[in-house]
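Worksheet for the structure shown next.
The values are calculated or read from the model by the stated rules, or taken from the named source; none is laboratory data. Since the model is a prediction, treat every value here as computed from it, not as a measurement. Because the Cβ atoms are built from the backbone with ideal geometry, glycine has one as well, and the counts that use them run over all protein chains shown.
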Amino acid sequence: MKSEFELFAAAGVPHPCCVPSKFRLEKLTASRSASAARIRVSSGSTDNMVKLDGGSFLMGTDTKEGFQRDGEGPVREVALDPFYIDAYPVTNSQFVEFVKATGYQTESERLGWSFVFQGHIPPERYDELVEATVPGANWWCKVGNADWSRPEGPDSNIESRTSHPVVHVSWNDALEYCRWAGKRLPTEAEWEYAARGGLEQKLYPWGDELTPDGRHLCNIWQGEFPVLDLAEDGYSAPAPVDAFPPNGYGLYTITGNAWEWCQDWFHPTYHVSATRTNPVGPLDGSAKVMKGGSYLCHKSYCNRYRVAARTSNTPDSATTNISFRCVRDV
Ligand SMILES: [Cu+2]
């Protein structure tokens, strides 16, 4: 019998090293009906949001750092209406408020497991906690009862992590949070425009140099993945959402730290001929766009902490390095 992980590969779901997939067909069907067209939402509070003017910007990259197979190119001019975006990713304490108000159970809770990074599991508890690993990416462990409030499984908690991005949230979970907050997920174009912070065609939200004057400006992996994390940036797991200086638009930890869900379905080439005014991505797909990279990204295999980088995951997937932030219309 095929393992569930082998089934993802058989279904042709993108499966990059740093974000494993859960992939349940019935969840995919439900997500498809929820996400086909442009939505406009403007009821939520604008506290801790930044209003961006929109207008035209150059999206994507044609540089050698870009992954052409991901569809990072070609560079194209995209026009956006003004919108508000959260200055920070949604934190654990904000997610607590949402769950208290609604009683919402995340997909990881209902499913009874999630993906935990091997380096966060105490070696002496590995055999007890790890039910399976992902073939070809065995640093991803299936851990029972791991979820947003117990990120490393039973006995773990978020008490000292109230200002960290909420993790183990699927795209479907993120959508429920947005609905409650009177907001929505950013489109990929909105996310990238915001992440660029007003700079044109730079690799990172602050410029082209990863560590200007030796300073770390985002939380990614230093050392040898996946065995040695030197944590030279100060963190070997998600950092508080305000751990690094903001970009030119006042947005914090927009790259590195945790991947951020976008509204759009992922396709490697759809955008080449699609509309360039308020684009929302393909009408259908099997995986949702994620942007920004995470604390597990390293240039030796995945320098997707660049603003033009993109990856994807099925809308029911969740890991210790996926989070989101919200936008709302003006
Ligand atoms: Cu990565």
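Quick notes on this one:
- Residue in the range 277-297 that is crowded, with 23+ Cβ neighbours inside 10 Å and among the hydroxyl-bearing types (Ser, Thr, Tyr) present: yes
- Screening the range 238-330 for strands (runs of 3 or more DSSP E) wholly inside it with 2 or more residues that are within 12 Å of the ligand (Cβ to nearest atom) and in contact (Cβ under 8 Å) with a residue 24 or more places away in the chain returns the ranges 288-291, 311-313.
- Residue check, residue 96 assigned to a helix (DSSP H, G or I) and within 19 Å of residue 238 (Cα to Cα): yes
- Residue list for the range 162-216, restricted to those being buried (at least 17 other Cβ atoms within 10 Å of the Cβ), outside any loop (DSSP other than H, G, I, E, B) and touching a Ser or Thr at 6+ places or on another chain (Cβ under 8 Å): 165, 171, 172, 173, 175, 176, 181, 195, 204
Rundown of residues vs (1) modelled with pLDDT under 95; (2) among the small types (Gly, Ala, Ser), yes/no style:
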{"residue": "226", "(1), (2)": "yes, no"}
{"residue": "232", "(1), (2)": "no, no"}
{"residue": "245", "(1), (2)": "no, no"}
{"residue": "287", "(1), (2)": "yes, yes"}
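- Which numbered condition residue 226 fails, given (1) farther than 24 Å from residue 299 by Cα; (2) surrounded by 15 or more Cβ atoms within 10 Å (Cβ to Cβ): (1)
- Residue match in the range 176-188 (condition: closer than 23 Å to residue 115 by Cα and among the aromatic types (Phe, Trp, Tyr)): yes
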